[in-house]
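Structure first, then comments.
Just so you know, all these numbers are worked out from the coordinates, no wet-lab data involved. Predicted model only: the values in this text are computed from it and were never measured. Counting neighbours? That spans all protein chains shown, and the Cβs are built from the backbone with ideal geometry, glycine included.
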Amino acid sequence: MGAQGLVAALVSAGLLAWPAPVLAPTEVPDAVVPCPYASIPTVPPTPPSPVLDPAAPAIGGQRLSTTGLAVAAGTAAPPTLSAMSWVVADLDSGEVLGACAPHLRRRPASVQKLLLAATALPKLDPAQVVEATAEDLDLPADSSAVGMIVGGKYPVSTLWLGLLLQSGNDTANALARVAGGEGGVAATIAAMNAEAHRLGADDTHAVTPSGLDAPDQFTSAYDLALIARADFARPDFITYDTTLTFQWPAQPPKDPKGFQIQNENKLLTSYQGAIGGKTGFTDEARHTYVGAAERNGRRLVVTVMGAEIVPARAWKQGTMLLDWGFALPAGTSVGHLVTPEEAAKLHAAPPPSTAPSAAPAAARPAAGNSGYSVWPTILAVGAVALTAAAVGVVMRIRRRRAA
């Protein structure tokens with residue numbers, strides 16, 4: 001029985017609570033309404049998330065400083081998902097239509113490649129030819145790769161297609177190496193972190209260009225929406241990202257014919273108005289997804305983190321959120337995506353006062369630490385022990401890859 005079938009069988013037998021009940025935000029107006037996800041634990045623990053200090057300025061608005069749902073009063077409840085966090089936002093106005101634990105920090109998996117694109121696209125000439133090195137192809141077993149060959153010669157435009165269609169970690173390494181100049185991959189990673197800071201993506205810290213799991217590497221659903229907004233503002237990104245198939249160039253004599261690659265983002269062929277996105281998966285991140293679509297003059301982006309394959313694949317959960325977002329009245333908002341100009345002002349502002357406040361002591365960082373602590377996984381309904389057993393089986397049969 002497959003992973004999805006196993007969990008579905010537990011649900012059918014009544015041994016696993018699915019879906020989790022959802023409370024309309026108007027029912028508990030002054031309390032944290034839990035996010036509607038199943039109680040599927042993550043291993044290892046989630047990376048540190050910001051302490052939600054009510055005295056500190058909130059990136060994107062105070063309503064986004066929550067570990068629960070942020071949904072406008074009087075609107076329809078969002079769909080029940082297995083994602084641990086998500087954001088739905090308007091790409092053009094920047095309004096956040098709804099969110100679930102938007103600043104929860106988690107591993108990015110291959111949606112990290114969107115930050116690489118935002119950083120390196122402006123720097124690289126698409127016609128530049130890159131010769132692949134052994135270091136580009138130095139990847140973990142079962143890692144997602146297009147199939148570059150050491151010594152092969154590839155235009156930068158071809159590498160972007162390999163990155164965004166096939167989620168090639170080999171192409172991510174090559175692009176990062178070339179974009180970093182003499183500093184190589186390390187310089188590009190530093191530039192990625194600088195770009196995240198410029199955008200206001202303060203929950204983000206990159207360690208690899210591809211999104212392969214690494215200690216101290218994380219992002220949030222809110223930050224992914226900021227990064228996606230920067231990408232979708234570029235016509236070249238959209239051109240690469242929406243290409244459905246591409247003939248990978250031959251590299252004689254090792255590869256005399258080349259081969260065809262296909263876009264792994266099923267949103268493009270399955271959702272009305274789709275304009276692109278990116279898939280991701282690693283053992284630590286679980287399933288991550290970013291997708292965007294346009295309908296009736298509105299362009300919405302959805303970001304999904306920490307999802308399992310029930311009730312549907314991550315991209316399909318993205319479509320459920322997009323449907324929900326498009327059905328909301330114009331002007332619906334619980335916050336906004338900051339602009340780089342707003343981010344610069346926030347970064348220039350003096351830090352919050354260290355004087356004692358009314359906030360509980362447990363919610364304030366201890367003296368000398370970074371101001372961040374690990375948030376425990378939000379309690380959700382369901383048979384936790386049985387769920388953990390199911391996830392144990394799932395994780396043993398899943399391939400470790402960033403795709």
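The figures follow:
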quantity: Lysines whose Cα lies under 26 Å from that of LYS254, excluding same-chain neighbours fewer than 8 positions away; calculated: LYS153
quantity: Reach of LYS123 by Cα under 16 Å, taken over aspartates and glutamates that are not fewer than 8 positions away in the same chain; calculated: GLU182, GLU195, ASP231, ASP236
quantity: Residue-span extension gain [VAL150 to THR133] - 0.36 nm each, minus C-alpha spacing; calculated: 5.6 nm
quantity: Label point distance in nm, LEU244-ARG63, each placed 7 Å from Cα along Cα→Cβ; calculated: 3.9 nm
quantity: HIS197/ASP255 FRET efficiency (R0 51 Å; Cβ-Cβ; nearest 0.05); calculated: 0.80
quantity: Summed side-chain charge close to GLY291 - residues other than GLY291 whose Cβ falls under 11 Å, Lys, Arg +1, Asp, Glu -1; calculated: +2
quantity: Nitroxide proxy distance, nm - points 7 Å out along Cα→Cβ at LYS123 and ALA233; calculated: 1.9 nm
quantity: Theoretical FRET efficiency, 1/(1+(r/R0)^6), r = Cβ-Cβ of ALA327 and ASP92, R0 22 Å, to 0.05; calculated: 0.75
quantity: Inverse of mean 1/r across different Cα pairs in the range 109-287, Kirkwood, Å; calculated: 16.3 Å
